[in-house]
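Below: one structure, written as structure tokens.
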Amino acid sequence: MTRLLQVIGVIAVTALVAGSLVALSVVNRRIQVTVQDEAEAAARGPDPVEVLRADVGQLSADLGALTEGVGGQLQALHDAVEDGARARAEAQAAEIAGLKKQIQELQARLDRSIQEEAAARARLDQVLAGIGARLDAVAAASAAPEPIVDVPPAVELASEPETAPLTQAEPEAAPQSEPAAAEPPAKGFLSFKLPSRSFAFDKPQRWSILPALSRVGFDAKSTLHDFSGSSQKVEGELVANLARPENGCRGKITVDAASLDTGEAARDEEMRDALGVSADPRLSFEWLGFRTESSDGAAMKTSGTVLGKLTIHGTTHEIEMPVRISVDASRRASVEGEVEIRMSAFGVKPPRKLGVLSVEDTVKIWIALRARSLGEAAGAAGD
Amino acid sequence: MLPVIRPALLGVLALAPACVHAKVMAQDDRAVAAFAGEQVWRPAEAADVHGLYESVSIEGDAAAALWRIYYHFADDGTYTGAALTLGGSQPEFQTLSGTWHLTDSTLDFDSTTTARALVAGDELRLETEGGVVVLRRTAIQ
């Protein structure tokens, strides 16, 4: 037994040694151990793994920054798009509101036109009925030995509306010696029948000053400050062919001197004293001639210089005043102009106080007149 | 004393224009406006229209032959009017009467003529194709 155990022990030891040798041989072929010093490692450069790790870290940081930047840009773009959309929406809303307003105005005009058309139809029916009645009357008059003057009175015609051809066709509509075709058709206004009035800019007309729409005045300079005085108490008449006033015009404008108002009562009082209002209560301008610079018949405008005589404080001097003349849609003439004069030339002593407060001798007088046509001037020059 | 006062006054006067602004009427303001002031017009209602009116301004084509208009609008829907017109050598009055009613600020005369009616204070503004008239309410005296 002991011998057996020894044999087994020997075999085991032998097997262990053999196995160790085999294992050593295998391991020796697969493992290579390299030992180098630090100098050699430095000579071979940085560790690629570390470099790769550093690159990856840098790339990660760059990617983060890029993401943040792109995010900011996108936010800004979003805000800009939002603002633009809001502005466009507001502009479109305003435009839509304007269009709505225009549509409402057009609708209102359309409604009025429809109403006026209906009214015109009704009036036309009335006129036709009147003509029928008149024809009946004429027929009856023809049947009986009665004169035509017994047809229905002109009062009926006066209530008849604007129907140009029919009105002109009626004998009562043109009792004047002039042919009916020479006058424009009568028009209505607020149920009133307006008289037929022809108007030609290039014809001599009588013009009457409208005090309510006219003003004359002056601009003066004083030691203290400049000031103006004006009055609407102006009246007068003018006869002229406003298209060719140089061919002959005449007229006179008068102003109530006491009504000149400078806005200061004390100064007005001094002015009235200086003008001698108690003795010569009126200022006047006599329109004697005209020097035309330009005239536009289509626009009904003329400019030039009025030649006339100005009377202030009982003293008269000839003056020339550049003016602009125009006729508006209401057929009212507007005459505007100004000229400088010396008060002393008219015997008016410029007010002076304490030897230092004074008004300059030269003042600018101006007119802003509006006149209504009273009709063509018979036998006037200039046509 | 005068030699002292006079230079002082001159000094004051030399500086005064800087303190006192000019009161010269602007050239554009010389002409009298046809419609005085900037009225705030609103659409008329029937209650605004009743009463006696006299025209204060007429503009447009109608103004060429129409000098003045008077209207009396009665509560019972009737009206009477007078217009001073100029057609011949002398002005003449036209008078008329009829019925009126107001619908949507449109004043209807006798169902034949209409005008847009606006009011501002005691003024009534009537607008038609032929012109615009501003009437002012007046008292019967």
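Counts of other chain beta carbons within 10 angstrom of each beta carbon in peptide A:215-225 average 4. List the lysines whose Cα sits under 23 Å from the Cα of A:LYS203, skipping any in the same chain fewer than 8 residues away. Partners found: A:LYS187, A:LYS252, A:LYS301. Here the Karplus curve 6.51 cos²θ - 1.76 cosθ + 1.60, taken at θ = phi - 60°, turns the phi angles of the range B:123-140 into couplings of 10, 10, 10, 10, 10, 9, 5, x, x, 10, 10, 10, 10, 10, 5, 9, 8, 7 Hz, with x standing for Gly and Pro.
Here, the range B:42-138 yields an orientationally averaged convex hull projection of 5.8 nm² when only Cα atoms define the hull.
Interface B-A: total buried accessible area of about 4200 Å², 1.4 Å probe, protein heavy atoms only.
Between the residues B:LEU107, B:THR78, B:THR128, the greatest Cα displacement towards the positive end of the dipole of the range B:42-138, with unit charges on the Cβ of Lys, Arg, Asp and Glu, is found for B:THR128. Applying 1/(1 + (r/R0)^6) with R0 = 41 Å to the Cβ-Cβ distance of B:GLU92 and A:ALA85 gives a FRET efficiency near 0.05.
Under unit Cβ charges (Lys, Arg +1; Asp, Glu -1), what dipole magnitude, rounded to 20 debye, does the range B:42-138 have relative to its Cα centre?
Charge dipole, the range B:42-138, about its Cα centre: 240 debye, nearest 20.
Computed with every protein chain present, the accessible area of B:HIS72 is close to 60 Å² [probe 1.4 Å]. When peptides A:358-364, B:106-112 are sorted by average Cβ neighbour count within 10 Å, with the highest value leading, the order is B:106-112, A:358-364.
In a fully extended conformation the segment linking A:ALA118 and A:THR2 would gain 26.8 nm over its present Cα-Cα distance, using 0.36 nm per residue. Rounded to the nearest 0.05, what FRET efficiency do B:GLN27 and B:ASP122 give with R0 = 30 Å and r taken as the Cβ-Cβ distance? Could you check? Here the calculated transfer efficiency is 0.40. Placing a pseudo-label 7 Å from each Cα along the Cα-to-Cβ vector at B:GLN141 and B:GLU38 gives an inter-label distance of 3.3 nm. Considering only A:LEU124, A:GLN104, A:ALA85, the residue lying farthest towards the positive end of the dipole of the range A:70-131 is A:LEU124, judged by Cα position with unit charges set on Cβ. Multiplying the residue separation of A:GLN92 and A:THR14 by 0.36 nm and subtracting their alpha-carbon distance yields 17.6 nm.
The values are calculated or read from the model by the stated rules, or taken from the named source; none is laboratory data. What you see is a predicted model, and the numbers here were worked out from it, not measured in a lab. Methodologically, a virtual Cβ is constructed for each residue, glycine included, from the backbone with ideal geometry; neighbour enumeration extends over all protein chains shown. Each accessible area value is taken on the protein alone, full model and side chains, heavy atoms only, with ligands, DNA and RNA left out. Shrake-Rupley method; radii C 1.70, N 1.55, O 1.52, S 1.80 Å.
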